[in-house]
1. I want to confirm something. Restricting to the range 1-35 and keeping residues that are of a type in the set (Val, Ile, Thr) and in a strand (DSSP E or B), which single residue is farthest from LYS57 (Cα to Cα)?
2. Answer yes or no: is there a residue in the range 34-46 that is surrounded by 12 or more Cβ atoms within 10 Å (Cβ to Cβ) and more than 22 Å from ILE71 (Cα to Cα).
3. When the residues of the range 57-71 are filtered to those that are in a loop (DSSP other than H, G, I, E, B) and under 9 Å from the mean Cα position of the chain (by Cα), which remaining residue is surrounded by the fewest Cβ atoms within 10 Å (Cβ to Cβ)?
4. Name the single residue that is surrounded by the most Cβ atoms within 10 Å (Cβ to Cβ) among those in the range 1-18 being among the charged types (D, E, K, R) and either closer than 11 Å to LEU66 by Cα or in contact with an Asp or Glu (Cβ under 8 Å, 6 or more places away or on another chain) (or both).
5. Got at least one residue in the range 53-66 being of a type in the set (D, E, K, R) and either in contact with a Gly (Cβ under 9 Å, 6 or more places away or on another chain) or modelled with pLDDT under 85 (or both)?
Amino acid sequence: MLYKVTIRNTSIVNGVRLEKGMFIEVASQTSNIWGDSKGKELVRNAFIVKYGVDLKKACAIDFVHLDVQQI
């Protein structure tokens, strides 16, 4: 399954700037990418590769900061 993960709001958390609209696309074999640590790690790594932004450092690997859509 393919997922699009988008930052919901602009913010600076722990010195990491998150811009509204930043997004990545990741493929996962599971139907719920938040169901295990592998899915979260896929999302984290994709944001690091594309933007140089570490969501774990920004404490932003959750539904408060991210919008997840299955595409």
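1. We begin by selecting, within the range 1-35, every residue of a type in the set (Val, Ile, Thr); these are 5-7, 10, 12-13, 16, 24, 26, 30, 33.
In the following step, the residues that additionally are in a strand (DSSP E or B) were identified as 5-7, 12-13, 16, 24, 26.
Details: VAL5: 17, THR6: 17, ILE7: 15, ILE12: 11, VAL13: 8, VAL16: 7, ILE24: 17, VAL26: 20 Å.
Taking the candidates together, the pick is VAL26.
2. Within the range 34-46 (the criterion being surrounded by 12 or more Cβ atoms within 10 Å (Cβ to Cβ) and more than 22 Å from ILE71 (Cα to Cα)), the answer is no, since none of the residues qualifies.
3. ASP62
4. The qualifying residue surrounded by the most Cβ atoms within 10 Å (Cβ to Cβ) is ARG8.
5. yes
The rows are residues; the columns are (1) among the aliphatic types (A, V, I, L, M); (2) in contact with a Ser or Thr (Cβ under 6 Å, 6 or more places away or on another chain); (3) touching a residue at least 12 places away in the same chain (Cβ under 8 Å).
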position	(1), (2), (3)
VAL26	yes, no, yes
GLY35	no, no, no
LYS38	no, no, no
ASN45	no, no, no
ILE48	yes, no, no
ASP54	no, no, yes
ALA58	yes, no, yes
ASP62	no, no, no
ASP67	no, yes, yes
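The values are calculated or read from the model by the stated rules, or taken from the named source; none is laboratory data. Everything numeric here is computed off the predicted structure, so don't read it as measured data. All Cβ positions, even for glycine, are placed from backbone atoms using ideal geometry, and neighbour counts span all protein chains on display.
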